[in-house]
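Coordinate-derived values only; no laboratory data. These figures come from a predicted structure and were not determined experimentally. Neighbour counts are summed over all protein chains in view; Cβ atoms, including those assigned to glycine, are modelled from backbone coordinates with ideal geometry.
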Amino acid sequence: MSSTTNNQSWGAYVAMDVTNLQSLAKDTSDPYGAWQSARVDNQTSVRALDYEIGIHLPTAASAPANDLAAYAYLIPWVFNGSTWLPRGNFGTIVLPTGVEGTASISDPNSMAGPIALPYKILSQILQKYFTISQFFGGWAPDGWSLAIRNNCGADFLTGCVVEYRPLTLVNS
């Protein structure tokens with residue numbers, strides 16, 4: 001009789017397109033100018049149980065102000081067999097698109113989070129690591145995307161990185 005073991009497996013890191021995140025200005029008025037990522041499809045290829053997310057946001061040499069933080073939000077997506085449906089909104093009449101670009105976010109909204117990235121020191125690099133399953137009942141949804149808004153007092157610089165890595169189980 002042979003036995004097998006399920007082991008956690010880490011996929012390769014994938015850097016998201018951050019074209020519209022680079023130089024995202026601070027915004028203190030609701031609705032806030034923000035960035036939205038492309039949707040990550042968890043239905044057709046990877047089928048991960050979870051994803052690690054890493055965020056690295058360099059800031060301009062500006063004093064901390066406003067909320068002293070940037071905020072990341074998670075948007076779950078459901079695939080109904082033919083169409084991707086966002087199951088979170090920006091708190092405005094415009095829904096997430098699943099395409100990297102700009103967004104306008106109001107608070108409150110129905111996205112998961114926020115995940116705060118505190119800005120306490122001049123020119124601080126904002127960094128955060130988290131997994132998405134903690135926001136969705138312990139599992140990764142059909143698909144997901146991110147939204148980030150900046151209310152820290154400093155604009156973001158080039159060199160922003162938002163990356164993810166799928167976590168799966170391998171039976172051996």
What is the extension gain from Ser172 to Val99, computed as 0.36 nm multiplied by their sequence separation minus the C-alpha to C-alpha distance, in nm to one decimal?
22.6 nm
Across bins of 10 angstrom width beginning at 0, how are the C-alpha pair distances of the chain distributed, in whole percent?
10, 38, 33, 13, 4, 1, 0
Percent RCO, i.e. relative contact order, over the stretch 20-172, from Cα pairs under 8 Å lying at least 6 residues apart
47
What is the distance in Å between the Cα centroid of the stretch 1-66 and that of the stretch 122-171?
3
Taking R0 as 30 Å, what FRET efficiency do you get between Lys120 and Asn20 from their Cβ-Cβ distance, rounded to the nearest 0.05?
0.70
Put in order of increasing Cβ neighbours within 10 Å, starting from the fewest, Trp10, Trp144, Trp84 give Trp10, Trp84, Trp144
In nanometres, the difference between 0.36 nm per residue of separation and the alpha-carbon distance of Ala38 and Gln134 is 32.5 nm
